[in-house]
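Visitor: Okay, handing you the structure first.
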Amino acid sequence: MTEIEKQRDETGFFKACIVAGKRIREFDDAVIVHHFDADGIPAGSIVFSAMYRNGIAPAMQCWKKTTPEYLQKLKETTFKQIVFCDLGAGYTSKLAEALPDREIIILDHHEPETPVNQRPADSNITIVNPHDFGIDGGNEACGGGTSYLCFREFPELSQLALVSTVGDMQDRAGLIGVNKLILKDSVDAGITTVKKDLRIFGRSSRSLIGFLSYASDPFLPGLTGNDKNCAQFLAENEIPYKQNDKYVSYYELQEDDRKRLSSALIEHCLANGMAEKAVDKMIGDVYLFNNEQPGTPFFDSHEFSVVMNACGRNNEAQTGVGACLKNPDSRKKAMEIMQAHRQNLRSGMTLAKHKLSDAGEFYLLDLRGQVKDSIIGTVAGATLANLVQSTKPIIALSLDEDDHEMLKISARGTNELIEKGLDLNQMLRIACKDLGKSTGGGHKVAAGASVEKRSLNEFLLKCAGIIHKQLSGEEVKLD
Ligand SMILES: [Mn+2]
């Protein structure tokens, strides 16, 4: 069933949220299981906060995905109630099977496993999911948003909902639908201010040079990864990036300097081959939190969400939760984690420059043992974007940190290559077929795979063959 066929029922969704929220606040022996990403961490923190207001401090667990191992561990606990945040929707039957004697509430925005009218009526699981009400969980309600709507009587929690929304990248074209409503709650309650501005990380917490040279979404041609060029660019445009011997951040500039910098940057990106569409996306609404200190990443929803992402990817979700709950020690630690994470990214990118080789049909970036599997995709994307000519896709290799028999592979392309027929999702799916326990897939422009070490040569040969076919317009068959 598609979204369009389903009757949109916002009121029904809000009602379901309120009922679930009320019940959750009655829980007295609960664990919150939340997703590990920049949506899931604030989502779990929202539920924790709401329960804590009733004097109850539930346990928390963070999952990367639903695996039999995680399920088994949860089964071994004695919690009577379980709240899943930002995960669970795709696995309700497995949850019902493994945990038949618990009361479970799932607050999720991912595509549900079974349509709402085909679910068992006597289940121990309550599902709250925008998809059930004809609301697109892909772009107008995230895990944090759904969680917040359960506890709308606490408008201050809308701050975390917005961190989730931005963390789930649902703000790319401005907020719509349910997200827009949450923003309105937040603005009306004096929690959030909306501004039109450059949507590059580090507006609040980075020096201007770092702001430009660390930019990775999008990658700024000639500037990302190059401090010298950034300093020169700022000087050429007469932006006072150093004042009284102190490097200043974007928000510390005067309004007219900020404006001059954004127009110069846009001009620079257009002149250096960035697609117009990508350039347009650089300016948009940003959400600033009135109750936070400017100069910290928590002041700006985007920076806040990057801190969450860094915590999640470095197995420090608990620190992320602490930061959401405004614990000063957690916040300090979370900022250190983010700095280390971005430093890793940067050294990964420097290393990549020396390690890149041309493998004919694609660029090969072999970073086995040198770059962590959690950032290999970002490094691959950055490396491809920084090439003067990205006429072929890039395939990057790293060691799988959880499974020593496997490699983690990231493949990245460009929109131009997609137009010519490249499909990295299809490519990796086919290349992994019949290679033992190798699996792969993702999107056309960005995909990943887990490949057996001993099959690497065969895998790369298959990749080359498939990419060649795709880019020369030949038909590629799944088997
Ligand atoms: Mn999510």
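The values are calculated or read from the model by the stated rules, or taken from the named source; none is laboratory data. Owing to the predicted nature of the structure, the values given are computational and were not obtained by experimental measurement. Cβ placement follows ideal geometry from the backbone for every residue including glycine, while neighbour counts extend to all protein chains displayed.
Visitor: Could you grab the pairs with beta carbons closer than 7 Å, sequence gap of 6+ or different chains, first residue in the stretch 93-121 and more than 17 Å from V33 (Cβ to Cβ) and of a type outside the set (A, V, I, L, M, F, W, C), second one in a loop (DSSP other than H, G, I, E, B) and more than 16 Å from the ligand (Cβ to nearest atom)?
Guide: Once the first residue is more than 17 Å from V33 (Cβ to Cβ) and of a type outside the set (A, V, I, L, M, F, W, C) and sits in the stretch 93-121, its partners that are in a loop (DSSP other than H, G, I, E, B) and more than 16 Å from the ligand (Cβ to nearest atom) give P115/M1.
Visitor: Please return the ranges of helices (runs of 4 or more DSSP H) entirely within the stretch 289-367 where 2 or more residues are of a type in the set (D, E, K, R) and surrounded by fewer than 21 Cβ atoms within 10 Å (Cβ to Cβ).
Guide: Values: elements: 301-313, 317-324, 328-355.
In the stretch 289-367, the matching helices (runs of 4 or more DSSP H) lie at 328-355.
Visitor: Of these, D108, D188, D101, D171, which one is within 16 Å of the ligand (Cβ to nearest atom), acidic (D, E) and at pLDDT 90 or above? If you could, list the steps in order and put the result at the bottom.
Guide: Details: D188 fails: within 16 Å of the ligand (Cβ to nearest atom); D101 fails: within 16 Å of the ligand (Cβ to nearest atom); D171 fails: at pLDDT 90 or above.
Being within 16 Å of the ligand (Cβ to nearest atom), acidic (D, E) and at pLDDT 90 or above holds for just one of D108, D188, D101, D171, which is D108.
Visitor: Something else now. Could you figure out which of (1) surrounded by 21 or more Cβ atoms within 10 Å (Cβ to Cβ); (2) over 17 Å from the mean Cα position of the chain (by Cα); (3) closer than 19 Å to P294 by Cβ isn't true of F133?
Guide: Condition not satisfied by F133: (3).
Visitor: Determine if the stretch 66-73 includes at least one residue that is part of a loop (DSSP other than H, G, I, E, B) and basic (K, R).
Guide: Residues of the stretch 66-73 that are part of a loop (DSSP other than H, G, I, E, B), as a first pass: 66-67.
Now narrow it down to the ones that are basic (K, R): none.
No, there is no match, as no residue in the stretch 66-73 is part of a loop (DSSP other than H, G, I, E, B) and basic (K, R).
Visitor: Among the candidates D28, D86, D39, single out the residue that is out of contact with any helix residue (DSSP H, G or I) (no Cβ under 9 Å at 6 or more places or on another chain) and either within 16 Å of the ligand (Cβ to nearest atom) or not assigned by TED's automatic domain parsing to the domain that holds T319 (or both). Explain how you work it out, then say what you get.
Guide: Details: D86 fails: out of contact with any helix residue (DSSP H, G or I) (no Cβ under 9 Å at 6 or more places or on another chain); D39 fails: out of contact with any helix residue (DSSP H, G or I) (no Cβ under 9 Å at 6 or more places or on another chain).
Within the list D28, D86, D39, the selection yields D28.
Visitor: Can you name the residue in the stretch 137-157 that is surrounded by fewer than 24 Cβ atoms within 10 Å (Cβ to Cβ) and away from the ligand (no atom under 13 Å from the Cβ) and is also farthest from the chain's Cα centre (by Cα) among such residues? Steps first, please.
Guide: Quick first cut of the stretch 137-157, residues surrounded by fewer than 24 Cβ atoms within 10 Å (Cβ to Cβ) only: 138-140, 152-156.
So of that shortlist, the ones also away from the ligand (no atom under 13 Å from the Cβ) come out as 152-156.
Working: R152: 24, E153: 27, F154: 25, P155: 24, E156: 23 Å.
Result: E153.
Visitor: Of all residues in the stretch 265-279 being surrounded by fewer than 12 Cβ atoms within 10 Å (Cβ to Cβ) and small (G, A, S), which is modelled with the highest pLDDT?
Guide: Residues of the stretch 265-279 surrounded by fewer than 12 Cβ atoms within 10 Å (Cβ to Cβ): 271, 273, 276-277.
Going one step further and asking which of them are small (G, A, S), we end up with 271, 273.
On the way: A271: 94, G273: 86.
Filtering the stretch 265-279 for residues that are surrounded by fewer than 12 Cβ atoms within 10 Å (Cβ to Cβ) and small (G, A, S), the one modelled with the highest pLDDT comes out as A271.
Visitor: Test of understanding: among L234, L212, which residue is out of contact with any Gly (no Cβ under 8 Å at 6 or more places or on another chain), part of a helix (DSSP H, G or I) and farther than 19 Å from R346 by Cα? First the steps, then the outcome.
Guide: Values: L212 fails: farther than 19 Å from R346 by Cα.
After applying the criteria, what remains is L234.
Visitor: Hey, another quick one. I'm trying to understand the selection: among the residues of the stretch 408-467, which are touching a His at 6+ places or on another chain (Cβ under 7 Å) and of a type in the set (V, I, T)?
Guide: Selection gives nothing.
Visitor: So which pairs qualify, if the first residue must be in the stretch 402-420 and touching a residue at least 24 places away in the same chain (Cβ under 8 Å), the second must be in a strand (DSSP E or B) and charged (D, E, K, R), the Cβ gap must be under 8 Å, and the two must be at least 6 apart or on different chains?
Guide: As it stands, the answer is E405/E452; M406/E452; L407/E452, since those pairs meet every condition given.
Residue-wise test of (1) assigned to a helix (DSSP H, G or I); (2) in contact with a strand residue (DSSP E or B) (Cβ under 8 Å, 6 or more places away or on another chain); (3) of a type outside the set (D, E, K, R); (4) more than 17 Å from E103 (Cα to Cα).
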site: R8; (1), (2), (3), (4): no, no, no, yes
site: G12; (1), (2), (3), (4): yes, no, yes, yes
site: A43; (1), (2), (3), (4): yes, yes, yes, yes
site: V47; (1), (2), (3), (4): yes, yes, yes, no
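Visitor: Of all residues in the stretch 376-426, which are within 12 Å of A447 (Cβ to Cβ), part of a helix (DSSP H, G or I) and in contact with a Gly (Cβ under 8 Å, 6 or more places away or on another chain)?
Guide: G377, L424, N425
Visitor: Quick one: in the stretch 56-69, of everything that is more than 16 Å from the ligand (Cβ to nearest atom) and either under 21 Å from V116 (Cβ atoms) or without any contact (Cβ under 8 Å) to a residue 12 or more places away in the chain (or both), which residue is farthest from the chain's Cα centre (by Cα)?
Guide: So in the stretch 56-69, the residues more than 16 Å from the ligand (Cβ to nearest atom) come out as 56-61, 67-69.
Okay, now just the ones that are also either under 21 Å from V116 (Cβ atoms) or without any contact (Cβ under 8 Å) to a residue 12 or more places away in the chain (or both), so 57, 67-69.
On the way: A57: 27, T67: 20, P68: 24, E69: 24 Å.
Only one residue tops the list, namely A57.
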